[in-house]
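Step one of this worksheet: look at the structure below.
Throughout, read-outs are computed from the coordinates displayed, never taken from laboratory work. Note that the structure is a prediction, hence the values are computed from the model and not measured. Every residue, glycine as well, gets a Cβ built from its backbone with ideal geometry; the counts of neighbours run over all protein chains shown.
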Amino acid sequence: MNSSNARLGVRLFFVYLLLYGGFVLINAFAPSQMEATPIAGLNLAILYGFGLIIGALVLSLVYGALCSNEDATDDSSSSTGADA
């Protein structure tokens with residue numbers, strides 16, 4: 001149970017690491033691209049930054065949902081085994 005949660009956490013961490021790495025690479029090698037204003041006058045740096053924050057929140061909700069589903073199935077299987 002715990003090892004599968006840890007593996008899931010590491011996978012989601014690497015997803016976020018790729019997203020954040022893209023942000024850092026754009027800032028390092030093409031900083032003028034971050035000045036572009038694609039939506040409502042907000043520059044790409046602001047949009048990407050808020051995207052990272054929202055992405056972290058979504059990944060944490062996914063992790064929480066998947067881990068609680070695992071715990072629920074583990075609890076129900078262990079309780080049925082204890083009743084027998």
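I'd like the full set of residues that are assigned to a helix (DSSP H, G or I), surrounded by 15 or more Cβ atoms within 10 Å (Cβ to Cβ) and not hydrophobic (A, V, I, L, M, F, W, C), limited to the range 42-54.
Within the range 42-54, Tyr48 is the sole residue that qualifies.
Count, please, the residues in the range 17-41 that happen to be small (Gly, Ala, Ser), surrounded by fewer than 10 Cβ atoms within 10 Å (Cβ to Cβ) and in a helix (DSSP H, G or I).
Matching residues across the range 17-41 total 2.
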